[in-house]
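To start, the structure under review is shown below, and the notes come after it.
Every number in this text was worked out from the coordinates using simple rules, so none of it is lab data. What you see is a predicted model; the values in this text were computed from it and never measured. For neighbour counting, all protein chains shown are included, and Cβ atoms are generated from backbone atoms with ideal geometry for every residue, glycine included.
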Amino acid sequence: MGRFDSTVEFYAKYREPYPAEFFRQVAEKLELHGSERLLDTGCGPAQLAIGFQPFVGSCTGLDPEPEMIAAAREEAEQAGVRLELIQGRVEDLPADAGLFNLVTVGRALHWFDRDRALETLDRIVAPGGAIAICAAISPRSAVNPWGARFHEVRMSWADPPDESCYRIDFEKWFDGTRFQGAGRVEVMERRQVTVHDLVQRALSMSNTSPAVLGDRRADFEVVMAEALEPFSANGILEETVVAGALIFR
């Protein structure tokens, strides 16, 4: 069983969404013409590939988890989007995969074998092409008063509780390669979520997944809901999502 197997049913529905405006602004920043080949690495349920599809010629999603590939296929069908889907790691992408004009990476870079992944990226990113490191997050700041409490409760149940491995200096990660920082795109969106949505979001995260929680899951859901309820009005909370893309070319 892969690390994310038990998170699949929660991932696409409850993770922070990328606003439509985010994709438009990144496409504008990269001057996409609609003929480009895009590879979404560690694609999960293919949020990025689906979102960028209107701006490129073709999209390929790549993920090592078969359940995530199945989820990406289902999400693409529901969105009416055509994707090529490959089960595997970017480090193992075959030589005949060809060149891509844009490679997107969501919250996956920390799972890559850096040296091997960089070898692959150097091979597959076309001359003049770009890599976009993307994330949609709910800041733990005044814009989301409940955010710090959500994080505090989740970390008290998490395994492992230390998430420092997820924090990457992206400039340093690409140091010594042909890829140089070429700017950033950031889009903010205000939306509403429910307490239930956020509890389910916690289950989509690898260190508080159903597999990690095991028979503690029901108690975790109760504790998390009770922690968030004071911040809600009839079970509904305001959420600010910040979607960002760091561009390397």
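Within region 98-137, which residues have the backbone N less than 19 Å from the label spot 7 Å out from MET188 along Cα→beta-carbon, could you tell me? From region 98-137, the list is 135-137.
Between the amide H of ALA126 and those of PHE100, ASN101, distances stay under 5 Å, these residues lying 5 or more places away or on another chain, with hydrogens modeled in the peptide plane.
Compute the whole-percent fraction of alpha carbon pairs in region 92-205 spaced more than 17 Å apart. Please report the intermediate quantities before stating the final value.
Working: 4262 of 6441 pairs.
For region 92-205, the fraction of Cα-Cα distances above 17 Å is 66 percent.
The phi-based Karplus calculation (6.51 cos²θ - 1.76 cosθ + 1.60; θ = phi - 60°) puts the 3J(HN,Hα) values of region 139-147 at x, 8, 9, 4, 5, 10, x, 7, x Hz, whole numbers, x for Gly and Pro. Note that region 5-248 shows a convex hull volume over its alpha carbon atoms of 124 Å³ per residue. Residues whose amide H comes within less than 5 Å of that of THR194, counting only those at least five positions distant or on another chain, are LEU237 (H built at 1.01 Å from N in the peptide plane). The distance linking region 188-249 with region 4-67 is 21 Å (Cα centroid to Cα centroid, whole angstrom). With K and R counted +1 and D and E -1, the other residues having a Cβ less than 14 Å from that of GLU229 yield a net charge of -2.
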